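> Quick one: structure below, then a few questions.
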Amino acid sequence: MLFGLMETGFPLFYWGNALMIVIALILIYLAIAKDMEPLLLVPIGFGMILVNLPLGGMMDYEMRLKAPQAGTVMEISTQEGKGFDKGSVICKLDSGEVVAPVFGRVGELIVEKGQHVEKGQVVASIFTMEQTDQAVYPSRPVGLLSRIFQYGVMWQILPPLMFLCLGALTDFGPMLANPKTLLLGAAAQFGVYLAFFMALFVGFTLPEAASIGIIGGAEGPTTIYVSSVLAPHIIGATAVACYSYMALVPIIIPPVIRLLTTKKERGIFMKPSLRKVSKVEKIVFPLITAIIVILIVPTSAALMGCFMVGNLFKECGVTERLRKTAQTTFVDLITIFLTLAIGASMPAQNFLQPKTLLILVLGVISFASAAGAGVLLAKFMNLFLKVKINPMIGGAGVSAVPMSARVVQVMGQKENPKNILLMHAMGPNAAGAIGAAIAGGVFIGILG
C-alpha cells in the first residue's frame, strides 16, 4: 500500500458526516424519484456529500493561527493532520493558550516546544470549512467549492445573476392585467416579518432573524443573498430550508388554503381570459419598477436591477439572443455553481446544531403564514369587490415561481372543474418575487 489508514479520510469520519450524507441522499431521492425540484436538489445533495467526506478539501479555507500574546511554547496539544473542535487548544504558552476559533484540522505546526513566539506570530496553519468574520479571522479559500462559494456567493455575484435569469423567465402580464393581484403578493410578505420576529423571540440575533425571515419570500437567490450579507454562518440552513420548502409547496400550501377557506370560496369561478397587456406596458414595467423601487430601497439594487433587466431582455424583442441565453444556458450554469456551493456549505459541524432545527421550523412557519396572509387578504378584498376573486390565488403570493400557481390551479379544478386559475394565480406569484427582493433590500439596508 502507498499509504496507510491514517492517510485516508476514515479517521476523521464521524456519525455526523454519515447523517448528513443520508440527508443528502434523501434530497437526491426526492429530486429523482419524486421530481421535486431536481435542478436544485440534485446538486445541493451532491455538494453535501462532497463536503462531508473528510480530507476531500473541496470546501477548505486556510487560516493562519497567531499567538494572542508573546510567550514560550510549553506544550503542543495536537498533531498535524488531526481534527479539532471549535475552542480546542492548539498549543499552550507560558503566558496563556492558543485556542482555535473554528473547527477544522491542523495543516502545519510552525512552532515547536520550547520556542519563544512574539505576539501575532503564526503558530500553525489550519484548515476549516466554517464561515468566519474575515475582518476578525481572515482566511483564504483553497478548495474548488470554497472558491466558488467565496467569490460567487459571498461576493454576492451568483444570486443576482440568478435573479437576472428569473426575470427573463417571468411573465408580468397576468399581474399587469389585474393589478389587484399585486396586493396579494405584497400581503404574502407577512410571513417574512412574522418569522423575523419569532426568530428574535427564540434568541436569534437581528441579522440571523432577517436571514431566517426572508425564507418566507420563497426565492432561493434572495435568501442566499440576504444570508451572505447578514449571517453567512447559517447560509446553508437557510438556503436548504428555502429550496426544500419550495419543492414541498404542493404539501405545505394546500392545508393552509383549506384551513382558511370554505368549499364555496374555493369554488368561486374566475373567467379564464385576462385583459390583453400591450407590448409597451410590458417593456415600460421593468424600467419604471427598477427606477421606483431602487430609489425607495437602494439596497435592493443588485436583486431588483438584475431581475428587471432580465425581464426587459424577455419583453423588448430586440435582444433575442440575450433572452435565449438567460432562459437556457446561463441559468443552467448559474444553477449548477450556486447549488453545488450551497450544498457544500453544510458540513456536519456547521449543520448539526440545535439552531438549524429551529431555522427549519421557522422556515416552514414563514412559508405557511405567507400563503395564509395572501388568502386572507383575498377574502377581505371580496367584501368590497363586485366581481369576486377566488381567495386561493392569494396563496400563490408565496413566490416559488411557478410552483405555487400550479398548486392553486390544481386545487381550483378539483373544487370547480370549470375553473382555470393558473393565469390569475401567476399575478400574485410574480408580485411575490418582487416583494421578496424588496423585503431583502429592506433588511440589508437596516442591518447590513
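What follows draws every value from the coordinates through simple rules; no lab data is involved. Treat the numbers as computed from the prediction; the structure is a model and nothing was measured. Positions of Cβ are backbone-derived with ideal geometry, glycine not excepted, and every protein chain shown enters the neighbour counts.
> Can you list residues from other chains, or at least 5 along the same chain, whose modelled amide H is less than 5 Å from the amide H of Gly143?
Residues meeting the amide H criterion: Asp60.
> Please compute the alpha carbon radius of gyration of region 114-225, then divide it by the globular-protein estimate 2.2 N^0.38 Å. Two decimals is fine.
In units of the 2.2 N^0.38 Å rule of thumb, it is 1.58.
> Work out, step by step, the length gained on full extension between Ile251 and Glu118: first 0.36 nm times the residue separation, then minus their alpha carbon distance; give nm to one decimal.
The Ile251-Glu118 span can extend by a further 41.9 nm.
> May I ask for the distance between the Cα centers of region 361-440 and region 197-246, given as a whole number of Å?
If we compute the Cα centre of each part, the gap is 22 Å.
> Work out, in µm²/s and without decimals, the Stokes-Einstein translational diffusion coefficient of region 170-278 at 10 °C, 1.306 mPa s, Rh from Kirkwood over C-alpha pairs.
Value of D from the Cα-based Kirkwood radius: 99 µm²/s.
> At q = 0.11 Å⁻¹, what is the log10 ratio I(q)/I(0) for region 252-359, with the Debye formula run over Cα points and no solvent?
Evaluating at q = 0.11 Å⁻¹ gives log10 I(q)/I(0) of -0.74.
> What is the Cα coordinate range of region 221-260 on the first, second and third principal axes, sorted by size from largest, in whole angstrom?
If we take the Cα atoms of region 221-260, the spans are 37, 17, 14 Å.
> Can I ask one more? Suppose R0 equals 30 Å. What FRET efficiency, 1/(1 + (r/R0)^6) with r the Cβ-Cβ distance, do Val284 and Leu39 give to the nearest 0.05? Each step should come with its number before you reach the end.
Details: r = 32 Å, r/R0 = 1.06.
After rounding, the FRET efficiency stands at 0.40.
> Reported to two decimal places, what Rg/Rh ratio describes region 1-152 when computed on Cα atoms with Rh from the Kirkwood expression?
1.07
> Still on this structure, I have one more. On the Cα set of region 355-448, report Rg and Dmax in Å, please.
Rg then Dmax for region 355-448, in Å: 15.0, 49.
> Using the Cα centre as the reference, give the magnitude of the dipole from point charges on the C-beta atoms of the chain (Lys, Arg: +1; Asp, Glu: -1; all else neutral), rounded to the nearest 20 debye.
Computed charge dipole of the chain: roughly 2300 debye.
> Determine by what factor the alpha-carbon radius of gyration of region 138-202 differs from 2.2 N^0.38 Å, reporting the quotient.
Dividing the Cα Rg of region 138-202 by 2.2 N^0.38 Å gives 1.70.
> Rg over Rh of region 265-314, using C-alpha atoms and the Kirkwood radius, what does it come to?
Checking Rg against Rh, the ratio lands at 1.19.
> While we're looking at this one, here's another question. Spelling out what I want: for every residue of region 328-337, take phi, set θ = phi - 60°, compute 6.51 cos²θ - 1.76 cosθ + 1.60 (Karplus), and round to whole Hz; glycine and proline get x.
10, 4, 5, 5, 5, 5, 4, 4, 4, 5
> What's the tally of Lys pairs in region 1-100 whose alpha-carbon atoms lie under 25 angstrom apart, where the two lysines are 8 or more places apart or on different chains?
Pairs that pass both the separation and distance tests number 4.
> Mind listing the phi-derived Karplus ³J(HN,Hα) values for region 59-71, rounded to whole Hz, using 6.51, -1.76 and 1.60 with θ = phi - 60°, and x for any glycine or proline?
Each residue's phi maps through the Karplus curve to give 10, 6, 10, 9, 10, 9, 7, 10, 6, x, 7, 5, x Hz.
> Please compute the Kirkwood hydrodynamic radius of the chain from all pairs of different C-alpha atoms, in Å with one decimal.
Hydrodynamic radius (Kirkwood, Cα only) of the chain equals 23.4 Å.
> Ok, one more. For region 252-269, in order, what is each residue's ³J(HN,Hα) by Karplus, 6.51 cos²θ - 1.76 cosθ + 1.60 with θ = phi - 60°, in whole Hz (x at glycine and Pro)?
Result, rounded to whole Hz: 7, 6, x, x, 5, 5, 5, 5, 9, 10, 8, 4, 5, 5, 5, x, 4, 7.
> Tell me which of Gln79, Val226, Ile32 sits at the most positive position along the dipole axis of the chain, charges placed on C-beta atoms (Lys, Arg +1; Asp, Glu -1).
It is Ile32, whose Cα lies furthest towards the positive end.
> Still on this structure: Need one number for region 1-85: average projected area of the convex hull over its C-alpha atoms, nm².
On the way: hull surface 35.3 nm².
Convex hull of Cα atoms, orientation-averaged projection: 8.8 nm².
> Moving on. Please report the base-10 log of the normalised intensity I(q)/I(0) for region 214-308, using a Debye sum with one equal scatterer per alpha carbon and no solvent, at each q in 0.13, 0.14, 0.26 (1/Å).
Log10 of I(q)/I(0), two decimals: -0.77, -0.85, -1.15.
> Next question. Just in region 1-87: which trypsin sites (Lys or Arg not before Pro) are loop by DSSP and have at most 11 other Cβ atoms within 10 Å?
On the way: sites: Lys34, Arg64, Lys66, Lys82, Lys86; in loops: Lys34, Lys82, Lys86.
Hits after loop and neighbour filter: Lys34.
> Can you compute the charge dipole magnitude of region 314-448 about its Cα centre, using +1 on each Lys and Arg Cβ and -1 on each Asp and Glu Cβ, nothing else charged? Give it in debye, rounded to the nearest 20.
360
> With no solvent and one equal point scatterer per Cα, compute the Debye intensity ratio I(q)/I(0) for region 336-386 at 0.13, 0.26, 0.29, 0.33 Å⁻¹ and report its log10, rounded to two decimals.
Those come out to -0.56, -0.96, -0.99, -1.06, one per q.
> Measuring from a point 7 Å past the Cα of Leu53 along Cα-to-C-beta, which residues in region 311-352 have an amide N at less than 18 Å?
Only 340-349 fall inside the zone, counting backbone N under 18 Å.
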